[in-house]
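Below: the structure, in structure tokens.
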Amino acid sequence: MKVYTKTGDKGTTALFGGSRVPKHHIRIESYGTVDELNSHLGLIRDQDMNPHYKQILEKIQDRLFTVGAILATAPDKAILKNGKERLNIPKISEADIQLLEDEIDHMESQLEPMTHFVLPGGHTTVSYCHISR
């Protein structure tokens, strides 16, 4: 896969399935934002931390790739004429959401209640987390 296409796209880009949309389309903005978050989470995962959290971050990153693929596929092109899905994209499940909620609840249970806004900084990993949030 090349980084650029040299096709003279005139301000449009292709979604999976071939549909073309303007580069400022909400889908492009959305999956670009998801990809940026995924990159920041990778930076956090590269820090020295508890292996459990690295594993959770990797699971989250995997699901973010799924979200990006869903966003990059035009809804009218996701299903073939024979009714089969064009791409074998896994779905985001209730279990995926439950994993996030459980991890958030566990982390929050170890923190003092917030009484004021937190100024970002103080440690590289903390700063990366603030960027990612």
Give me the pairs: first residue in the range 40-54 and on the phi < 0 side of the Ramachandran plot, second residue in a helix (DSSP H, G or I) and open to solvent by 80 Å² or more (accessible area, probe 1.4 Å), beta-carbon distance under 8 Å, and six or more apart or on different chains, which are they? H40/I131; R45/E58
Can you report the number of residues in the range 76-133 which are open to solvent by 100 Å² or more (accessible area, probe 1.4 Å), under 17 Å from H40 (Cβ atoms) and among the hydroxyl-bearing types (S, T, Y)? 0
Just checking, which of D96, D102 is out of contact with any Gly (no Cβ under 6 Å at 6 or more places or on another chain), within 30 Å of I26 (Cβ to Cβ) and not in a loop (DSSP other than H, G, I, E, B)? D96
Does any residue in the range 1-22 that is at pLDDT below 75 come within less than 9 Å, Cβ to Cβ, of a residue that is outside any strand (DSSP E or B) and loosely packed, with under 14 Cβ neighbours inside 10 Å six or more places away or on a different chain, and which pairs are these? D9/K23
D48, sole failed condition from (1) closer than 20 Å to V126 by Cβ; (2) open to solvent by less than 80 Å² (accessible area, probe 1.4 Å); (3) outside any helix (DSSP H, G or I); (4) not β-branched (V, I, T): (2)
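The values are calculated or read from the model by the stated rules, or taken from the named source; none is laboratory data. It should be emphasised that the depicted structure is a prediction, and the values quoted were computed from it without experimental measurement. So basically every Cβ, Gly included, is an ideal-geometry build from the backbone, and we count neighbours across all protein chains shown. Note: areas computed on protein heavy atoms with side chains; ligands, DNA, RNA excluded. Shrake-Rupley method; radii C 1.70, N 1.55, O 1.52, S 1.80 Å.
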